[in-house]
1. Restricted to region 111-151, and to residues that are of a type in the set (V, I, T) and either part of a helix (DSSP H, G or I) or in contact with a strand residue (DSSP E or B) (Cβ under 9 Å, 6 or more places away or on another chain) (or both), which residue is surrounded by the fewest Cβ atoms within 10 Å (Cβ to Cβ)?
2. Name, by its number, the condition in (1) modelled with pLDDT under 90; (2) surrounded by 11 or more Cβ atoms within 10 Å (Cβ to Cβ) that does not hold for I7.
3. So, K134, is that one closer than 14 Å to A72 by Cα and among the charged types (D, E, K, R) or not?
4. Can you name the residue in region 79-90 that is part of a strand (DSSP E or B) and not hydrophobic (A, V, I, L, M, F, W, C) and, of all such residues, is nearest to N188 (Cα to Cα)?
5. Identify the residue in region 27-52 that is within 16 Å of the chain's Cα centre (by Cα) and charged (D, E, K, R) and, among all such residues, is modelled with the lowest pLDDT.
6. How many of the residues making up region 152-177 are touching a residue at least 24 places away in the same chain (Cβ under 8 Å), loosely packed, with under 14 Cβ neighbours inside 10 Å and more than 14 Å from the chain's Cα centre (by Cα)?
7. For region 161-184, what are the residues that are in contact with a Ser or Thr (Cβ under 8 Å, 6 or more places away or on another chain) and farther than 24 Å from Q45 by Cα?
Amino acid sequence: MKRKSNISSAIILLLTITICIVSSCEKHDDILYFKSKCVAELNGQTLIDQTPFNIGPNSINTPSLIASEYTAEFYSSLSNERGGTPLYAVKIKLFVNNEWEYLTKPQSIKYVNIGKPDDETASWEYTQYCFDNKISYATILSYSGYESEIVKEGAFEITSYDKEKRTYNGKFTLHFSKGTLNGEFSTN
């Protein structure tokens with residue numbers, strides 16, 4: 001009798017997990033994708049980040065927003081089509097003075113001179129300086145030349161959220177050498 005109960009419990013657990021996974025997905029062109037997505041525009045070109053549903057050790061679900069009281073990190077890998085080869089990787093790191101402030105107020109991103117000429121400041125050096133001094137920043141990695149660029153000016157705003165469910169909707173604008181990247185995202 002105990003074995004039957006364990007098997008029934010295992011089946012119910014598997015069904016529950018399956019329902020949770022499938023409900024966090026949507027289908028496009030007969031391919032299942034996670035609901036989290038980012039759609040952006042750069043110089044008239046539409047870019048998208050929506051990860052195909054895949055469970056495995058190497059699967060990375062983007063876009064993502066990692067949120068805590070005083071910091072938030074947003075990541076997105078943008079391509080020409082869903083599940084396509086990434087063209088740009090966007091990273092936005094926010095630091096705020098008041099708890100959860102970035103959830104209710106738009107945040108600006110401005111390049112800060114760290115004492116070296118701009119052309120001599122490495123991306124890793126700048127991001128480390130910003131991290132150490134709690135300065136918000138953004139970087140964009142162009143996969144075509146594997147070059148990481150520090151965003152000179154931008155904005156990030158959460159438009160709606162549910163902290164308990166870890167769902168966030170928002171938008172961003174980032175100015176960099178290739179133009180202005182405007183995006184909207186939802187993370188589920």
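1. Here is the first cut: in region 111-151, the residues of a type in the set (V, I, T) are 112, 114, 121, 127, 135, 139-140, 150-151.
Now drop any that are not either part of a helix (DSSP H, G or I) or in contact with a strand residue (DSSP E or B) (Cβ under 9 Å, 6 or more places away or on another chain) (or both), which leaves 112, 121, 127, 135, 139-140, 150-151.
Values: V112: 13, T121: 16, T127: 18, I135: 18, T139: 20, I140: 24, I150: 20, V151: 22.
So, considering only residues that are of a type in the set (V, I, T) and either part of a helix (DSSP H, G or I) or in contact with a strand residue (DSSP E or B) (Cβ under 9 Å, 6 or more places away or on another chain) (or both), the one surrounded by the fewest Cβ atoms within 10 Å (Cβ to Cβ) is V112.
2. If we test I7 against (1) modelled with pLDDT under 90; (2) surrounded by 11 or more Cβ atoms within 10 Å (Cβ to Cβ), just (2) comes out false.
3. Values: closer than 14 Å to A72 by Cα: yes; among the charged types (D, E, K, R): yes.
Considered against the rule, which asks whether it is closer than 14 Å to A72 by Cα and among the charged types (D, E, K, R), K134 comes out as yes.
4. The initial filter retains those residues of region 79-90 that are part of a strand (DSSP E or B), namely 79, 88-90.
Then keep just the ones that are not hydrophobic (A, V, I, L, M, F, W, C); that gives 79, 88.
On the way: S79: 20, Y88: 21 Å.
If we take residues in region 79-90 being part of a strand (DSSP E or B) and not hydrophobic (A, V, I, L, M, F, W, C), then S79 is nearest to N188 (Cα to Cα).
5. K35
6. The qualifying residues number 2.
7. Y161, R166, T167, Y168, listed by residue number.
Yes/no matrix, rows are residues, columns are (1) of a type in the set (G, A, S); (2) more than 18 Å from T187 (Cα to Cα):
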{"residue": "F74", "(1), (2)": "no, no"}
{"residue": "S77", "(1), (2)": "yes, no"}
{"residue": "I92", "(1), (2)": "no, no"}
{"residue": "V96", "(1), (2)": "no, yes"}
{"residue": "E99", "(1), (2)": "no, yes"}
{"residue": "K105", "(1), (2)": "no, yes"}
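The values are calculated or read from the model by the stated rules, or taken from the named source; none is laboratory data. Everything numeric here is computed off the predicted structure, so don't read it as measured data. As a convention, Cβ positions derive from the backbone with ideal geometry for all residues, glycine included, and neighbour counts pool all protein chains shown.
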